Structures are given as C-alpha cells and as structure tokens.
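Shown next, in structure tokens, is the structure this report addresses.
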Amino acid sequence: MNSPHPHPDLRSRPRPRPRSGFRGRRLLVLTTALVALGSGAFAAAPDPLPSPPKGLNILLVGVDSRAGVTPEERKRYYLGNKDCGCSDVMMLVHVSARNDRVSVVSLPRDSLSEFPEHVDRNTGEMLAPHQAKLNAAWKEGGPSFAIEMVEAMTNVPVDRYLEIDFRRFMDTVNVVHDGVPICTDRHLKDPSTGLDLAPGTRRVLGGEALQYVRSRKADGQADFGRIKKQQRFVVNTLREIRDDLFHGTAGLRRFVATLRGTQQTERGISTSELLTLAARLRHLSPEQTEFATVPIRTINPLIPGVGATISWDEEYADEVFGHLREDEGLPEPRPVPQSETPLGEYEPYGGDSVLCP
C-alpha cells in the first residue's frame, strides 16, 4: 500500500460516493452526509425530519457484516469470511437545534453493559438480565435493542438511527471523487487488516478506507486508536464532499441513497430526511464539528462468558451526555487525569484539528 503509483481502486473510472459498513469503521460517513452542501441539490427535499428543541440525536451503528462483499475483496482487504454478527461501531451524533454544531461521541464496542430481560432475535427465547459488551446489543436484540441500551446508558433520546455494513461503507466512499485523504505522521501497519501506510497523506477508496477504519493494531492504542481513525476519516470525508462532490441534485441524491441503503429499521433515518439534514447543515464547517470518546474509568478483568471489557466513568460520562441533553457543546476535559488507563482519558477535539494537508 506504500507504492507511489495510484492504487488500482483509483484507476480512471466513474466514481460514485457511498458510505457503508464501517467496522470501525463506518461512522464515518454519517457526519459526512450530514454536512454535505450544495444549495441547488436541496431545493426539492421534503422536510419530514424532526427539529427537537434541544437538538437532534442520531445513533450511527457500523455492523460487522460482509453481505455483498466479493471473495476477491475479502482476500484483498483482509476481511475474512466470518461475520461477528455484532455492531463494531457506535457513534452518538448530536446536531444542535440551531444547526450550527455537530457533536460526535463514540461508544466503545467493549463497553461493559447490563442488559435487561429481552427477546433474543436469533432464537426467539427470552433472555434473563445479564452482563455483556455493548456491541452485543445489536446481535441479541437488533437495532431497537441497541437503541434502547444506548438511551439507557447515556440518558440521551435517540431520534434517528443509521446502520452501515462493510459493503455499504465501501460503496459510499467510492462515490467520493478521487477518494478520501488519510494522513499519518508515523508508519501504520496492521497485520490483521493489511493496513500498511507510510508517513504522509494518500487518497483511498472504499477497500483501503475500510482497512484504515478497522485497524486497531497499528498504533498501540487498540480500539481507542481505531475510534480516532474513524473520527478523522469522517472529518476528511466531509471536507471532500463539500469541496468536490455536491454541485447538483443527482450527485447528492446518489451519495445519500448509497449511504442510507434500503433496510427498514425502527427510527431509521430515510433518504429524504438525510437530504433535509444536509440542507440544514450546508453551511457547517469542520470547525463547527467536535469529537470525543466517552470517558473510561478502567479496563476490567476478564469476565467469563463476556470477555475483555471496559467500564465508563459514569459520573464523568453523565456530565458529557448532559451537555448533549441540554444542546450544549462538549465540555472541556477535567484538569487532572480521571481514567485508570491513559487511553481512556476524555479528550474532545475540533474537526478542523485533524484535517489532512
């Protein structure tokens, strides 16, 4: 991947702009689509999207699904052949009531959760209350249960839901003309995903983009590093959309339709609603976006039947989510370390700070 020659994915050809799957992936292009601009593309968009007085909250979920991915793509991009049947990415996206700020808080997949009694969607059996990783909520109960758990753990109401798998993530990124830039000041190499990036900036399309947002062994920061890659990718995709893509209704609609897909889910955001949201946010700049990961208290000992998990700093997390509930920007970090692990420190940052040159 370090060749100076253009990647085969970048060969001259018509490029659509999708956004899909996101195993670590995928959040990514939600905010991207949100901020797409081009006033001419929005004129005909209906306006069914709610406008809550304290802002709109969207849960973005990237699922580990290879449906529609070809055998060649699985081999080339180190995707393997087995789905985990779980969500790999969860991002809570808050759009301010005045549409002048987007705040994104990532919820790590290994967050220790207390599931209430619920029906297992795979077996139809009633499951007793039990401990589990947050990413198992989608596997056990589907989108509705994932929404329920996020609302319970954050006390933030979820107004809309967007789900993306590997295929849709790659297709959405491929819609971006000439790909999306990713940049690093150090060599990133991950044997699990095949990621191999030399220092500097390069443009990638869907397959390489998926390798990047899935990588958690490239920088010694495990899932926390992967989350930051996903957030950075969102910001740079957003800029590419603003600068190069949406100069007409057809381009915007193609991007949004690819991102949205056809799946019907509870509170699922529709294509027309994404167009409406894009219209509301057409003047939003990277400086008006902000990102963070929920504050983490500790990495837990292995739990039988559950595995390796992390626990939130509940008091600190409630402060962060309290700002979203009140339609305020993310709070500044506290002056002294809070987490028992340095990787779990709450460190919000503005989208403009991670733009590639």
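A few points about this structure:
- Restricting attention to the range 101-133 and to residues that are of a type in the set (D, E, K, R) and open to solvent by less than 60 Å² (accessible area, probe 1.4 Å), the residue that is nearest to Ser285 (Cα to Cα) turns out to be Arg101.
- Strands (runs of 3 or more DSSP E) fully within the range 275-357 that include at least 1 residues being exposed (fewer than 15 other Cβ atoms within 10 Å of the Cβ) and touching a Gly at 6+ places or on another chain (Cβ under 6 Å): none found.
- Test: residue in the range 257-273 that is within 30 Å of Arg186 (Cβ to Cβ), open to solvent by less than 30 Å² (accessible area, probe 1.4 Å), not aliphatic (A, V, I, L, M) and not in a helix (DSSP H, G or I): no
- If you go through the range 216-244 and keep only what is under 14 Å from the mean Cα position of the chain (by Cα) and more than 14 Å from Pro181 (Cβ to Cβ), you end up with Asp223, Phe224, Gly225, Arg226, Ile227, Lys228, Gln230, Gln231.
- Any hit, the range 297-309, residues being more than 30 Å from Asn81 (Cα to Cα) and either in contact (Cβ under 8 Å) with a residue 40 or more places away in the chain or not hydrophobic (A, V, I, L, M, F, W, C) (or both): yes
- Selected residue (criterion: farthest from Leu134 (Cα to Cα)) from residues of the range 31-68 that are part of a loop (DSSP other than H, G, I, E, B) and at pLDDT 95 or above: Pro53
- Filter result (hydrophobic (A, V, I, L, M, F, W, C) and under 20 Å from Val104 (Cβ atoms)) within the range 158-191: Val158, Leu162, Ile164, Phe169, Val173, Val176, Val180, Ile182, Cys183
- Applying the set (1) open to solvent by 10 Å² or more (accessible area, probe 1.4 Å); (2) under 26 Å from Ala257 (Cα atoms) to Ile147 leaves exactly one unmet item: (1).
- If you go through the range 116-154 and keep only what is free of Cβ contacts under 8 Å to residues at least 60 places away in the same chain, within 20 Å of Ile310 (Cβ to Cβ) and touching a helix residue (DSSP H, G or I) at 6+ places or on another chain (Cβ under 7 Å), you end up with Leu134, Ala137, Met149.
- Residues of the range 145-192 that are within 18 Å of the chain's Cα centre (by Cα) and of a type in the set (Ser, Thr, Tyr): Thr154, Tyr161, Thr172.
- Flag if Leu238 is closer than 30 Å to Ser144 by Cβ, assigned to a helix (DSSP H, G or I) and modelled with pLDDT under 95: yes
- Filter result (of a type in the set (A, V, I, L, M) and under 25 Å from Leu355 (Cβ atoms)) within the range 276-302: Leu277, Ala278, Ala279, Leu281, Leu284, Ala292, Val294
- Scanning the range 67-113 for residues that are among the basic types (Lys, Arg) and closer than 30 Å to Leu324 by Cβ yields a count of 3.
- Qualifying residues in the range 201-228 (those that are over 21 Å from Tyr349 (Cβ atoms) and part of a strand (DSSP E or B)) - the one least open to solvent (accessible area, probe 1.4 Å): Val204
- Top-ranked residue of the range 324-337 - restricted to ones that are touching a residue at least 40 places away in the same chain (Cβ under 8 Å) and out of contact with any strand residue (DSSP E or B) (no Cβ under 7 Å at 6 or more places or on another chain), ranked as farthest from Ala152 (Cα to Cα): Asp327
The values are calculated or read from the model by the stated rules, or taken from the named source; none is laboratory data. Since the model is a prediction, treat every value here as computed from it, not as a measurement. Neighbour counts run over all protein chains shown; Cβ positions are idealised from the backbone, glycine included. Just the protein is used for accessible areas: all its heavy atoms, side chains included, with ligands, DNA and RNA removed. Shrake-Rupley method; radii C 1.70, N 1.55, O 1.52, S 1.80 Å.
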